[in-house]
Structure formats: structure tokens, C-alpha cells
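What follows is calculated from the coordinates using simple rules that are stated; it is not laboratory data. Since the model is a prediction, treat every value here as computed from it, not as a measurement. Quick reminder, even Gly has a Cβ in these numbers, built from the backbone with ideal geometry, and neighbours come from all protein chains shown.
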Amino acid sequence: MIISVRMRSILVSKSHALSLAEVRRRVERAARRAEVRYNVIWRWVDDGVEVFPPPGLARGAQGRLRWSEGAVQAEVTLPSSLRLLQGAIESRLVDKLDELLAC
């Protein structure tokens with residue numbers, strides 16, 4: 001697993017042994033669940049999914065999940081209002097990717 005932090009961005013890359021179709025199925029299921037549970041907006045974009053939170057404290061945040069054979073990459077861009085929570089958000093992102101890719 002590779003984790004890097006850019007200016008107000010979190011980038012996590014994790015390897016996997018799933019088929020691309022299985023990764024896509026799991027990502028779509030997770031996105032639909034987040035849409036219902038947290039009122040996020042998500043859409044397919046080229047080789048991945050973009051996720052936007054509802055208006056509020058997280059306004060300006062954005063997430064993108066891309067995958068290829070053997071790897072998934074998640075990037076979250078945070079607004080200034082969430083900068084102090086970057087470590088907690090990064091930890092939660094890693095946990096959620098682990099759950100998503102568990103065999």
C-alpha cells in the first residue's frame with residue numbers, strides 16, 4: 001500500500017487480485033450505498049468514479065477512485081475546513097479500501 005499526501009489531497013494506492021469486473025461491481029455497490037446513506041453524488045468518469053459530498057462542512061471535497069489490473073487508487077481533495085481532520089480521513093479511507101478489496 002502506498003500513501004502520499006499532497007497539498008490538501010490524500011492519495012492511497014492498494015494492490016488487489018480481483019478481476020476488473022469485480023472491482024467495478026464492488027465500487028458501484030459502495031457508491032450506491034454511500035449515495036443512500038450519506039447523500040453523496042457520484043458518477044462514472046472514464047476509468048473510475050468521482051464522488052462529491054452534499055453541501056455543508058465538506059463542501060468543496062471531492063473523491064476519485066480509479067482501478068486497473070492489480071491496483072486501486074483513491075484520491076480525496078479536502079477543503080480547508082477539513083484540513084485538521086486529514087489524518088482521520090486518510091485512516092478511514094485506508095480501512096474502507098481494505099473492506100472493498102477483501103477477498
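Every test in (1) within 17 Å of residue 25 (Cβ to Cβ); (2) surrounded by fewer than 18 Cβ atoms within 10 Å (Cβ to Cβ); (3) under 13 Å from the mean Cα position of the chain (by Cα) is passed by residue 100 save one, and that test is (2). I'm checking my understanding of the structure. Among residues of region 51-75 that are crowded, with 17+ Cβ neighbours inside 10 Å and touching a Phe, Trp or Tyr at 6+ places or on another chain (Cβ under 8 Å), which one is farthest from residue 24 (Cα to Cα)? My answer is 61.
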